[in-house]
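The values are calculated or read from the model by the stated rules, or taken from the named source; none is laboratory data. Here the structure is a predicted model, which means the values were calculated and not measured. A quick note on method: Cβ atoms are made from the backbone with ideal geometry, for glycine too, and the neighbour counts reach across all protein chains shown.
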């Protein structure tokens, strides 16, 4: 396999006219996000295949008459993403950067701890021992001479202040804190009016369990009600049962404080996310940094939403080849869109010809 090539078992060569709405999309709106991807992609295994394209992009950027659509058509080729089961359609959800109210000290209504990565969390790279398990990692804790699974959400909550991690902030709402962990990044409005920023730092190694699905299976919500907004409404109506519901998801996310900035949060690629032009993907199928043409519909709608986006992030619930999480941006309006988004969609990777094995 040539250096930097993308394994193409799940890719099928396509033509530009097969991408629904490609000719009508405002491709220029995705150009800044593409240049951001060029910053982050160099260190990735497929980086060499992008060097020629990114070097040329920087040279042509801003020249009179420059047309991003023509640039992509001249330098890249579209490949339809197909699932392992042979389907071209998959699930497209949404996420956003929430704003929480919090404090650096406990009290005055701020009681819910937003934790940093714990001191005793071990991450074991299985690929270093078994090449067939490349990109597989497990997390645990050392007890004597044994490695045990790391604490679950319920166990972490029960330990309280005895838990071996720094508390970065205390926030005023357990539900909002839970959804911050789902989103992976957010901002904290402090009592003095200033804002702090937090990003994903690590995770306890337990699988993510959808609490919306739990409520549906219990008959507490109908399937169409199991949106972020529906779950929040259930939580407000059932405060005494909230802890038990949240603990049904054993996964727990830890954060790190980031410098405040005007750009989007930093994704897994290491570059700022661009509202409505960045997606989270499963990097085992869609390499981080890759331009992706997304064909889906707007939340709770049949209205087409077809546009060029960049694979710049990952997520614990984003598993599979035809699977993406669409980044809507910051704040409540973005959250309203993200919370309702559960659409069917298709993906096409845009790759340099030398980057895909046919």
Every listed condition ((1) assigned by TED's automatic domain parsing to the domain that holds residue 158; (2) assigned to a strand (DSSP E or B); (3) closer than 30 Å to residue 349 by Cα) holds for residue 254 save (3)
Looking across the range 61-84 at residues that are closer than 22 Å to residue 272 by Cα and modelled with pLDDT of 90 or more, the single one that is surrounded by the fewest Cβ atoms within 10 Å (Cβ to Cβ) is 61
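Please find, within the range 1-44, the residue that is farthest from residue 284 (Cα to Cα) out of those that are assigned to a helix (DSSP H, G or I) and at pLDDT below 90.
Step one: filter the range 1-44 for residues assigned to a helix (DSSP H, G or I), giving 16-18, 27-41.
Okay, now just the ones that are also at pLDDT below 90, so 40-41.
Numbers: 40: 17, 41: 15 Å.
It comes out as 40.
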One residue is enough: does the range 230-250 have a residue meeting the conditions within 24 Å of residue 309 (Cβ to Cβ), outside any loop (DSSP other than H, G, I, E, B) and in contact (Cβ under 8 Å) with a residue 24 or more places away in the chain? no
Residue 318 in the same structural domain as residue 345 (by TED's automatic domain parsing), in a loop (DSSP other than H, G, I, E, B) and crowded, with 18+ Cβ neighbours inside 10 Å: yes
Filter pass, residue 292 being in contact with a strand residue (DSSP E or B) (Cβ under 8 Å, 6 or more places away or on another chain) and within 17 Å of residue 269 (Cα to Cα): yes
Top-ranked residue of the range 208-229 - restricted to ones that are part of a loop (DSSP other than H, G, I, E, B) and closer than 12 Å to residue 340 by Cα, ranked as farthest from the chain's Cα centre (by Cα): 226
Considering the range 160-175 alone, what residues qualify as being over 15 Å from residue 121 (Cα atoms) and not in a strand (DSSP E or B)? 160, 161, 172, 173, 174, 175
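Find the residue count for the range 255-271, including only residues that are closer than 13 Å to residue 39 by Cβ and crowded, with 19+ Cβ neighbours inside 10 Å.
Residues meeting the conditions: 4.
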Examine the range 147-157 for a residue that is out of contact with any helix residue (DSSP H, G or I) (no Cβ under 8 Å at 6 or more places or on another chain) and either in the same structural domain as residue 340 (by TED's automatic domain parsing) or over 24 Å from residue 246 (Cβ atoms) (or both), and state whether such a residue exists. yes
Taking the range 293-310 only, how many residues are touching a residue at least 60 places away in the same chain (Cβ under 8 Å), under 13 Å from residue 92 (Cβ atoms) and part of a strand (DSSP E or B)? 8
